Structures are given as structure tokens and as C-alpha cells.
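As C-alpha cells, the structure follows; a few thoughts come after it.
The values are calculated or read from the model by the stated rules, or taken from the named source; none is laboratory data. Bear in mind that the values here come from a model prediction, so they are computed numbers and not experimental data. Don't worry about glycine lacking a Cβ; one is built from the backbone with ideal geometry, like all the others, and counts go over all protein chains shown. To get the accessible areas, we keep the full protein, side chains included, count just its heavy atoms, and leave off ligands, DNA and RNA. Shrake-Rupley method; radii C 1.70, N 1.55, O 1.52, S 1.80 Å.
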Amino acid sequence: ANLFLPARAHIIAEVDKSGAIKGYDADGIGAETSTPLYLLVDGRTASAAEIFAGALQDNQRAVVVGSKTFGKGRIQNVQPLENGSGLAITRARYITPKGRDLHGVGIIPNKEPSQCESADSARTCLADIV
């Protein structure tokens, strides 16, 4: 997201269990901020890809196209257990620049193409949008 947003644009924030917020902002170095962007997403778009989509959407830098994303908005650490399994501990949640908590909700696209399957090209998916 840093490559497509101007300096000081909010990218994402982490909110821990105490409510403390740690924000991440673009530095603007080498950023391309004028080329129109269309970002294709679907239900398999998750985690870091959702942070990217949310940052560009909330900053009105890209048109998000497709279907609702997965909704992975938690930061977890996995602690290994003696029996070889693990315990995932949630330590924080992500919120977008406009304060949206994506967990279980995902990113709602700006536009839904009339035809777009996972095997289709970007040209096919964007045909009725661009």
C-alpha cells in the first residue's frame, strides 16, 4: 500500500486488548499516486491482501472490484504444545483507515462485475467497469 499512497496516508492500525492503537502510515517515497487502480478481490482474498485492499479503498486510491473478501482481521501468535499441536492466541485486531474491523466481515467491493470467475482474466472481470 505504501507504493500507491501519498505520504502520511493511513494504511492500517493494530488495536490490542487494552485498546492501545499502533498506526502505520505511508511514507510516500517513490509512491505512484496518479495511475487509476482497480483491485480484484474475492472470498479467497485474506489477511495482508485485505489490509492492502482496505487501505486503498478507504483512501479512495483504488476501485475494489469483485466479491466480499474472507474477513481475516486478527493478529495471532501460535504457541506450540508438547503434543505437537498449537494454540493460537489473538494479540490484536486490524482496523482500516476509516476504522472498519474486517474480522468476519471482509472488504465489500465498490463494484461487482457482471461476469468474473476465478479462472477469468482481469480483462474479462473489468470489461463492464473500466
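Order 50, 32 by their accessible area, 1.4 angstrom probe, all chains in place, largest first. Can you show the working numbers first?
Details: 50 0, 32 75 Å².
Listed by decreasing accessible area, they come as 32, 50.
Computed from these coordinates, which is Rg and Dmax of the Cα atoms in Å: [x] 15.5, 48; [y] 14.1, 40; [z] 16.6, 54?
Derived directly from the coordinates: [z].
Along region 27-34, what does the Karplus equation 6.51 cos²θ - 1.76 cosθ + 1.60 (θ = phi - 60°) give for ³J(HN,Hα), rounded to whole Hz, x for Gly and Pro?
The phi angles translate into 9, x, 6, x, 6, 9, 10, 10 Hz.
Can you give me the long-range amide H partners of residue 41? Hydrogens built in the peptide plane at 1.01 Å from N, cutoff under 5 Å, separation of 5 or more residues or another chain.
When sequence neighbours closer than 5 places are left aside, the close amide H contacts are 65, 66, 67.
Beta carbons within 10 angstrom, averaged per residue: use that to sort the peptides 10-17, 75-82, highest first. Kindly include the intermediate steps, with their values, before the conclusion.
On the way: 10-17: 16.5, 75-82: 10.1.
Going from most to least packed, we get 10-17, 75-82.
When Lys and Arg each count +1 and Asp and Glu each count -1, what net charge do the other residues less than 14 Å away from residue 64, Cβ to Cβ, add up to? Mind dumping the intermediate values first?
On the way: positive: 61, 68, 98, 100, 111; negative: 42, 50, 58, 112.
Result for the local shell: +1.
If you take the beta carbon distance between residue 48 and residue 82 as r and set R0 to 30 Å, what does 1/(1 + (r/R0)^6) give as a FRET efficiency, to the nearest 0.05?
On the way: r = 31 Å, r/R0 = 1.03.
Working from the Cβ atoms, E equals 0.45.
Residue by residue, what Karplus-based ³J(HN,Hα) values in Hz, rounded to whole numbers, does region 62-70 have, using 6.51, -1.76 and 1.60 with θ = phi - 60° and x for Gly and Pro?
Ordered by residue, 3J(HN,Hα) equals 9, 8, 8, 10, x, 10, 3, 7, 4 Hz.
What is the antiparallel percent of DSSP beta bridges lying wholly in the chain, to the nearest 5? Provide the component values of the computation, followed by the final result.
On the way: 17 of 23 bridges.
So the antiparallel bridges in the chain amount to around 75 percent.
In degrees from 0 to 90, rounded to the nearest 10, what is the angle of the helix 48-58 Cα long axis to the longest principal axis of the chain?
50 degrees
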